[in-house]
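See structure below.
The values are calculated or read from the model by the stated rules, or taken from the named source; none is laboratory data. On a predicted model such as this, the values are computed, not experimentally measured, just so you know. Ideal geometry is used to build each Cβ from the backbone, glycine not excepted, and the neighbour counts take in all protein chains shown. Heavy atoms of the whole protein, side chains included, go into the accessibility calculation; ligands, DNA and RNA do not. Shrake-Rupley method; radii C 1.70, N 1.55, O 1.52, S 1.80 Å.
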Amino acid sequence: MPNSAVFVPHFHWDREWYEPFQVFRHRLVTAFETVLETAEANPDFRFTADGQLAVIEDYLQMRPEHRDRVAALVASGQLAIGPWLILLDEFLCSGETIVRNLRMGWAAAAKLGGAMPVGYLPDMFGHVAQMPQILARAGIEHAALWRGVPGFVDGHAFRWRAPDGSEVRTEFLFDGYGNGLDVLLVPEEIGRALGDYAELTTRRWGGDPVLAMAGTDHTAPDPRLASWLRRVSGDEAAITIATLDAYVREHVRDKVSLVVTGELRSHVRGNILPGVLSARLRLKQRMAVAERTIDHAERMNALWSGRDESRFLELAWHKIIESSAHDSVVGSGTDETADQVEARLAEATHTARAVRDAAIAERAALIPSDGYLVANPLPFPRRALVEVDVVAPPEGTVLVATAADGSTRPVQLTSLAPTVLSDERMDASHLERVLRRIHRRELFGRLIDRYELTPGSLVFHLADVPTSGPFDLLVLRREVAAAAAARPGEWAVRTLAQARATALVPVPVPACGLASFRVEPGDGAATTFTPATATARTMSNGLVDVAVNADGTLDVTSVDGSVLRGVGRLVDGGDRGDIYNYAPPANDVPVSEPTDVAVELLENGPLRSRIRVTRGYRWPTALSSDRDLRASETVSTPVETLLEVRAGEPFLRVAMSFLNRSADHRLRWHLPLADGVTKSAAAGQFAVVERGLTAEGGWGEYPIPTFPAGSFVSSGAVTVLLEHATEYEVVGDELAITLLRAIGAISVNIHPYRDEPAAAEIPAPGAQDLGMRVENRFAILPSSAGWRDANAVALAEVFRNDVLVARGSARYAGGLPPDATGIEVGGADIFVSSIRRVANGVEVRLVAMSDTGSTARITGAFTEVTTVDLLGRPLATTSVTNRLDLALGPWEIRTVVVQ
Ligand SMILES: [Zn+2]
């Protein structure tokens, strides 16, 4: 018999999973109505609303008339809501998205009476290292979670410590978030069952009351729960009903000494389902694009626009956060659900892009239409390579780019666009129909510069910027009608565009700033950097050398002379697992040798060199029917690798692309490491996490050491810069990056790597990505001294964040406006997570990505700085003059508002 037990009635509400959102929401409205009625009828009933405010929002959207009932239960302490907006997947969104999730959930809960100050993380598939700091810097002292806790935690609580030293007392839901349900199975036997459970788990509780989480997925607690427990309480045990918040505040008396530092990815007490990292690749890519676009939108809006776009940004953030749910971006839902997540992320991107482009357009309106604006979203100056479309120069003419200050830079022309847009024959009576293509002056997306009308022939000359004076469509109409009447029979109609070329221009852009240039004929410009060069099979820029081998792999030599040999071997193996977990077929036959290799030189500097390597493979079409073999039938798959070296960049850009025509397989890209590598480091949510070669197992899941990486992964003498959350594994002396995992079910019942099904065996043919073009982009940064010496934090930002380019739209000719700086942030290993407009200034969030801390110097036009917590609440204000030095501790996240 336990001393006491505390029941926490709740439900766990995956908003979308094996059913799409609207189906689950319909159930939610019914379930939550039961909760409201139960709570109102039983003053001693309590309910914890799953730690995510979205369930309340979703309910009130359908039942707005019950808002006061919800608020009343929050006020009386019967209902605990928030603090999150969504129970996210922590590894598959950015650190910034995690912060905004907490912030939006907290703010919405405040309007209903206040959030539960517990970082409740019941179901996510492992936990990121910086979560304790995120919670602590939001003023939250407690967490409660299940999956990922290491085996040495033998009690029911531990102190969870982030890399910066922040800690939260963490309730370990070691039997999951539904451990109380077994006790409630037979209402007449609750007392006995509770006694049995307490005895079974007594080692973990010590003198503390048993925490019985009384709830499960998508189900309201039984309305009779309170009366059942009343009957048992006092009679056989001291039983209370509480919210999770009340349990950790009032019922937990133990002092916890056990400390767990960093991320939680042990498989020892619960499955962490690591296969989700590589399932449904497109969702991971869409998430990264949405996060990047809204980040750029916020920065450009804060620094370069006068518009209040807060409602658009809030809408976009809401959609991103919704999509970060632990069954959403992970891809573990049905195809219907995945389609919806993809569309939602696309819509978030569209919304953010509109805000971003509006801000840029405001500034482009100050630049003549033969000029270009370049905006740098990063808070440090950089030289960007910009690609623009220009009028093709006549033979023998050299183009240069001229900046606002008159300085010139070389231009590399890469392609010429066709000039004949149409060449038609038609009867004179049809000429009038051609004129319908013209809208005021526009024809085929360009402007009519002039036209030639001679008997039997009409020629349009189009330009982006007309130079021939005014054009009058009514005049043309009259002239064409007269000419057609005068000359019946066949006419020739041609539309000729000014010849265009794609020009590459190196543009120095200030920190979070703007620069402009125009491309014009000149005498050439001095090159101040080592050019990028190429031969048929090699490329170099003085910082990285690349040679393509006969088998299509690469030898990559860094500036310090170290060589990586055989980079980019592709290994395709079978996968008989499911979305949650990879599993090889018993008799796997990996394919790693190409059948043919073609190498093509595309560009040869001086600013950019490109080589395309196309390797043909014969991959099995699928698994065979017994699933322990791959099918003997194969399909020919050409895989293109576009290699790119830019002048001044110490890394090799790689873009992979192929049309997937095989099912049930996993494709990985291999990179050789030095012998005896024992660890890897991966940049993720506000941290770079070091990992060994194995993972802790023990529960019903094979502890496969595939791990997540956000912006880069580093091992041995190389760092790979990444565009989106990516799965990797150190295999022998190689680093393997997963390019595609194609599987056909959410969960299979019989799984070689997992004892219990993770869901029902629901087909997910969309997760095979059959017929889809699979594209992966990353960069190889050779770095024998490790990621820090290679400046990987900043270079990953450069790789991931292209500058934004817009054509000038001013209707006057003239000079270019001077370059302008926004906010500059300097300092070693400083990562800037967000720059955005808030009510009282511009909020900047920084992280010291270093074991020793770092000093960040912020420069800009401001005179006052307020340090705020992660929820935006002010902590301290100081006066400054356009410059601020912030000493950050190791891995510290700091948020300031400058004004
Ligand atoms: Zn869940």
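From the list Pro163, Pro221, which residue is open to solvent by 10 Å² or more (accessible area, probe 1.4 Å), away from the ligand (no atom under 16 Å from the Cβ), at pLDDT 95 or above and out of contact with any strand residue (DSSP E or B) (no Cβ under 7 Å at 6 or more places or on another chain)?
Pro163
Mind checking which strands (runs of 3 or more DSSP E) fall wholly inside region 123-172 and carry at least 2 residues that are of a type outside the set (Phe, Trp, Tyr) and under 25 Å from Ser332 (Cα atoms)?
Counting at least 2 such residues, we get 142-145.
Which residues, taken from region 723-755, are open to solvent by 30 Å² or more (accessible area, probe 1.4 Å) and over 21 Å from Ser624 (Cβ atoms)?
Glu723, Val731, Gly732, Asp733, Glu734, Asp755
Of all residues in region 549-571, which are touching a Ser or Thr at 6+ places or on another chain (Cβ under 7 Å) and modelled with pLDDT of 95 or more?
Hits for region 549-571 are Gly566, Val567, Gly568, Arg569, Leu570, Val571.
Go through Ile737, Ile750 for me and flag whichever is at pLDDT below 95 and not charged (D, E, K, R).
Ile750
Can you name the residue in region 108-122 that is of a type in the set (A, V, I, L, M) and in contact (Cβ under 8 Å) with a residue 24 or more places away in the chain and, of all such residues, is nearest to Gly331 (Cα to Cα)?
Only one residue fits best here, namely Leu121.
For region 390-414, which positions are closer than 24 Å to Thr528 by Cα and outside any loop (DSSP other than H, G, I, E, B)?
Val390, Leu399, Val400, Ala401, Thr402, Ala403, Thr408, Arg409, Pro410, Gln412, Leu413, Thr414
Return only the number of the condition from (1) open to solvent by less than 10 Å² (accessible area, probe 1.4 Å); (2) in contact (Cβ under 8 Å) with a residue 40 or more places away in the chain; (3) not hydroxyl-bearing (Ser, Thr, Tyr) that Ala709 does not satisfy.
The failed condition is (2).
Looking at (1) of a type outside the set (S, T, N, Q); (2) surrounded by fewer than 23 Cβ atoms within 10 Å (Cβ to Cβ); (3) touching a residue at least 60 places away in the same chain (Cβ under 8 Å), can you tell me which one Leu92 breaks?
Among (1) of a type outside the set (S, T, N, Q); (2) surrounded by fewer than 23 Cβ atoms within 10 Å (Cβ to Cβ); (3) touching a residue at least 60 places away in the same chain (Cβ under 8 Å), the lone unmet condition for Leu92 is (2).
Select from region 329-350 the residues that are within 17 Å of Arg741 (Cα to Cα), buried (at least 24 other Cβ atoms within 10 Å of the Cβ) and within 15 Å of the ligand (Cβ to nearest atom) and list them in ascending order.
Answer for region 329-350, where residues must be within 17 Å of Arg741 (Cα to Cα), buried (at least 24 other Cβ atoms within 10 Å of the Cβ) and within 15 Å of the ligand (Cβ to nearest atom): Val329, Val330, Gly331, Ser332, Gly333.
For Trp84, which of the numbered conditions (1) open to solvent by less than 10 Å² (accessible area, probe 1.4 Å); (2) within 30 Å of Asp44 (Cβ to Cβ); (3) more than 16 Å from the ligand (Cβ to nearest atom) fails to hold?
(3)
Being in contact with an Asp or Glu (Cβ under 9 Å, 6 or more places away or on another chain) and part of a loop (DSSP other than H, G, I, E, B) is the filter; apply it to region 758-773 and report the residue that is nearest to Asp626 (Cα to Cα).
The selected residue is Glu761.
Looking at (1) within 29 Å of the chain's Cα centre (by Cα); (2) within 15 Å of the ligand (Cβ to nearest atom), which one does Arg27 not meet, given that it meets all the others?
It fails just one condition, (1).
If the requirement is being open to solvent by less than 10 Å² (accessible area, probe 1.4 Å), within 16 Å of the ligand (Cβ to nearest atom) and hydroxyl-bearing (Ser, Thr, Tyr), which of these qualifies: Thr48, Thr97?
Every option except Thr48 fails the conditions.
Could you tell me which residue of region 394-430 is least open to solvent (accessible area, probe 1.4 Å), considering only residues that are touching a Leu at 6+ places or on another chain (Cβ under 9 Å), more than 11 Å from Ala501 (Cβ to Cβ) and of a type in the set (A, V, I, L, M)?
Ala403
Under 8 Å by Cβ, and 6 or more places apart or on different chains, what pairs join a residue from region 631-653 that is at positive phi with one that is not in a strand (DSSP E or B)?
Between residues of region 631-653 that are at positive phi and residues that are not in a strand (DSSP E or B), the close pairs are Gly648/Phe529; Gly648/Thr530; Gly648/Asn541; Gly648/Leu543.
For region 203-238, give me each residue that is in a helix (DSSP H, G or I), in contact (Cβ under 8 Å) with a residue 60 or more places away in the chain and either of a type outside the set (Lys, Arg) or on the phi > 0 side of the Ramachandran plot (or both).
Trp205, Leu225, Ala226, Ser227, Leu229
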